[in-house]
Amino acid sequence: MPKDTHHGYDQLAGRYQLFEKLMFGSSLAKARTALLSSIPACRSALVLGDGDGRLLEQLLTTQPNCQITSVDQSRRMLEIQQKCLSHHPRRDDVTWRQQDARELEGFDRQFDLLVSAFFLDCFTFQELETHVPLWLNTLRPGGHFYLVDFQEPDSGWRRLRGKMYLSTMHHFFRWYTNLPNRVLVDWKQVLNQCPLELVALQNMNRDLISVQLYRKAPG
Ligand SMILES: C[S@@+](CC[C@H](N)C(=O)[O-])C[C@H]1O[C@@H](n2cnc3c(N)ncnc32)[C@H](O)[C@@H]1O
């Protein structure tokens, strides 16, 4: 397998949905959209690492007046996103950017909404400490951050089960995309240091997945 993540995701792109279903059934699909209806109406959104475009498609439905910028480093993932939306009546409301999110710059405005699903675990803790505040800078004060990601269940059999799933997943992504993480990165610790207020929370798949909606502190 290639040693940079970018080409790894290019290779994974066409099989991403299949692998997801084999490992998690419909859980990730349900989690991605779980709190979409709690997001207030937005006029602009930045979506980081959307992969094959399924969440993007749902966002176009739940946010009928929203212009969306989708950033992904994988050319192949972006092609699949574009194909997924090729017949969508609001396809022109999406702008695609092939870019490493760690090098994001050059937006001429701040967004109403920032979205990341199963994306934060692509980075090390140190990278998140550096880049999460920068990603949040793209959000206007009072704007919302919609986050879907894995978490380690707190205790008991759920924790054991969760660790087993996470370990299998990390091995898979290390092999395929050269993911540096061996365990789940503590993204909650990073978010706790940011000026965010939790608006809604839903734990899913026996607490293995957390869906969170935050509001950025105004001013
Ligand atoms: C684990 S997949 C998640 C895809 C999708 N959001 C989902 O819900 O399944 C991670 C996505 O983030 C993208 N990605 C990973 N590292 C990135 C980076 N540094 N900059 C931009 N995109 C990145 C990958 O190409 C891939 O599309």
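Each reported figure results from applying straightforward, stated rules to the coordinates on display, with no laboratory input. These figures come from a predicted structure and were not determined experimentally. Quick reminder, even Gly has a Cβ in these numbers, built from the backbone with ideal geometry, and neighbours come from all protein chains shown.
Observations on the structure shown:
- Where residue 179 falls short, out of the listed (1) assigned to a helix (DSSP H, G or I); (2) within 23 Å of residue 8 (Cα to Cα): (1)
- Residues that are buried (at least 16 other Cβ atoms within 10 Å of the Cβ), more than 14 Å from residue 214 (Cα to Cα) and not charged (D, E, K, R) within the range 137-164 comprise 138, 150, 151, 153, 162, listed in sequence order.
- If you go through the range 37-56 and keep only what is buried (at least 18 other Cβ atoms within 10 Å of the Cβ) and on the phi < 0 side of the Ramachandran plot, you end up with 39, 42, 44, 45, 46, 47, 48, 50, 52, 54, 55, 56.
- Hits in the range 184-219 (condition: polar (S, T, N, Q) and in contact with a Ser or Thr (Cβ under 7 Å, 6 or more places away or on another chain)): 203, 205
- For the range 7-26, filtered to residues that are surrounded by fewer than 17 Cβ atoms within 10 Å (Cβ to Cβ) and touching a residue at least 60 places away in the same chain (Cβ under 8 Å), the residue that is nearest to residue 80 (Cα to Cα) is 14.
- Residues within the range 62-74 that are more than 9 Å from the ligand (Cβ to nearest atom), of a type in the set (Val, Ile, Thr) and under 16 Å from the mean Cα position of the chain (by Cα), tallied: 2
- Within this structure, residue 59 fails the test of being over 17 Å from residue 147 (Cβ atoms), assigned to a helix (DSSP H, G or I), free of Cβ contacts under 8 Å to residues at least 60 places away in the same chain and within 17 Å of the chain's Cα centre (by Cα).
- Residues of the range 128-164 classified as in a strand (DSSP E or B) and not aromatic (Phe, Trp, Tyr), total: 9
- Positions within the range 170-195 being of a type in the set (Lys, Arg) and in contact (Cβ under 8 Å) with a residue 12 or more places away in the chain, in sequence order: 182, 188
- Against the conditions (1) assigned to a strand (DSSP E or B); (2) free of Cβ contacts under 8 Å to residues at least 24 places away in the same chain, residue 167 satisfies every one except (1).
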